[in-house]
1. Within the stretch 91-116, which residues are under 30 Å from Thr197 (Cα atoms), assigned to a loop (DSSP other than H, G, I, E, B), at pLDDT 95 or above and not hydrophobic (A, V, I, L, M, F, W, C)?
2. Looking only at the stretch 34-49, filter to residues that are under 13 Å from Phe87 (Cα atoms) and not basic (Lys, Arg); which one of those is surrounded by the fewest Cβ atoms within 10 Å (Cβ to Cβ)?
3. Which of the residues spanning the stretch 102-135 are buried (at least 24 other Cβ atoms within 10 Å of the Cβ), under 14 Å from Arg29 (Cβ atoms) and touching a Ser or Thr at 6+ places or on another chain (Cβ under 9 Å)?
4. Any chance the stretch 359-382 includes a residue that's out of contact with any strand residue (DSSP E or B) (no Cβ under 9 Å at 6 or more places or on another chain) and under 15 Å from Val296 (Cβ atoms)?
5. In the stretch 30-72, what residues are more than 20 Å from Arg343 (Cβ to Cβ) and without any contact (Cβ under 8 Å) to a residue 24 or more places away in the chain?
6. Taking the criterion of being surrounded by 21 or more Cβ atoms within 10 Å (Cβ to Cβ), more than 20 Å from the chain's Cα centre (by Cα) and in a loop (DSSP other than H, G, I, E, B), would at least one residue in the stretch 219-233 satisfy it?
7. Which residues, counting only those in the stretch 73-90, are surrounded by fewer than 18 Cβ atoms within 10 Å (Cβ to Cβ), assigned to a loop (DSSP other than H, G, I, E, B) and touching a residue at least 40 places away in the same chain (Cβ under 8 Å)?
Amino acid sequence: MKRLWKLFALGAALSLAIVRPALAQEEIRIGVIYPLTGAAASTGLELKQAIELAADLINNGTRGLNLPLTTTGGLPNLKGAKIKLIFGDHQGNPQTGATEAERLISQEKVVALVCCYFSNVTNTASQVAERNGIPFVNPESSSATLTQRGFKWFFRTTPHDDLFVTNFFEFLKDVEKKKNISVKRIALFNENTLFGTETTKIEERLAGEQKYPIVEKILYPAKSTQLTSEIQRIKAASPDLIMQSSYLGDAILSMKTYKELGVSPDALLANDAGFNDSEFLKTTGKDAEYVLSREVWALDLATRNPLIKQVNDIYFERYKTNFNGNSARTFTGLMTLAEAINRAGSTKPEAIQKALVETDIPGSKLIMPWKGIKFDASGQNTLGNGIIVQVQDGKYVTVWPFDLASKDIIWPMPKWDQRK
């Protein structure tokens, strides 16, 4: 009798398996670590909004967008599983970033991490991921050494500062050749964390190789509350061009101090970061006019890629602000990770890592002006590139490469007392 009951139960179970569809995996837990409080909280909020939008477009499906995974709702190779973002707040502190990475991996059981904007925080948090064998996608940090550590679980979608600073000097050569503008005196003004110190080394090397005189070099303390003495040194050096790497608070403070001290070189060429944060223009207003910056994204490039405007319109409708280079890269980072997880058809870290290694997303499926996303052996995307934008009439417009420019460059920028 017992054997008959077992056979009956087995037959019933098989019948149910035949008629009942496979249950969808409920969620894919992805850890996200950004500066949600502290001096860079406004930047962190934009990055959070961007990654939430990417997850929403994937989870709910959005017809008409030529983006990965936005037509079905969920990840089709994982039975429609939805992405669940688990957030951590590193507050701009490298040790806090590492602690948050540990928490998300060990307690929240995330299958991958997206992190961290600040290069020095990315450095520590990615060490935790490497030690635990968890895929780590870095959409924004640009310090070149991050992909020179021999890590196997680290993948960076953005170009790095070696490329960006090379773009600086390519830009200067093009300006000289096509605009008859010659730069003879350069001042370097960079914050002193990993981001700024590495940028300084690259700038010094390339300036030396290409015979551009550096008349002043300053590495100032990050998160400074005053920059008067440093900017007085720059004024005394009388540079034609200032190259500057600063996060948001320092970028705003430096512009205020430049104006107060009457420092007005022919051009200020920023290394993105704080100078391209939406809060920068809101706070500095007309004082930000004519600032040049390297970038990776610009709204005016929508004339060449309609996808840029389509996605930006959704972002603007939801958050009442446009994408910028930071938030657009964050959006792209999650899209890249989700596309890899779907191809893996698994949430096992080893499978996700393998899929990331094999990533090959064409530029036509990105909101970035890149050829695509494809990682080399170091985890660096080899298909990214930079542009130069300038603030004109309160907007960032593309001015270089010249064949992509929507506006002509304004050089020299007017002196403070000559501005309207």
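1. Gln91, Asn93
2. Among residues in the stretch 34-49 that are under 13 Å from Phe87 (Cα atoms) and not basic (Lys, Arg), the one surrounded by the fewest Cβ atoms within 10 Å (Cβ to Cβ) is Thr37.
3. Ala112, Leu113, Val114
4. Yes, because at least one residue in the stretch 359-382 is out of contact with any strand residue (DSSP E or B) (no Cβ under 9 Å at 6 or more places or on another chain) and under 15 Å from Val296 (Cβ atoms).
5. Residues satisfying the conditions are Ala41, Leu45, Asp56, Asn60, Arg63.
6. There is at least one residue in the stretch 219-233 that is surrounded by 21 or more Cβ atoms within 10 Å (Cβ to Cβ), more than 20 Å from the chain's Cα centre (by Cα) and in a loop (DSSP other than H, G, I, E, B).
7. Scanning the stretch 73-90 gives Lys79, Gly80.
Matching residues to (1) under 22 Å from Lys179 (Cβ atoms); (2) in a loop (DSSP other than H, G, I, E, B); (3) at pLDDT below 95:
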{"residue": "Ile202", "(1), (2), (3)": "no, no, yes"}
{"residue": "Ile242", "(1), (2), (3)": "yes, no, no"}
{"residue": "Lys256", "(1), (2), (3)": "no, no, no"}
{"residue": "Gly274", "(1), (2), (3)": "no, no, yes"}
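The values are calculated or read from the model by the stated rules, or taken from the named source; none is laboratory data. In this text, all values refer to a predicted model and were calculated from it rather than measured experimentally. Every residue, glycine among them, receives a Cβ derived from its backbone with ideal geometry; neighbour counts consider all protein chains shown.
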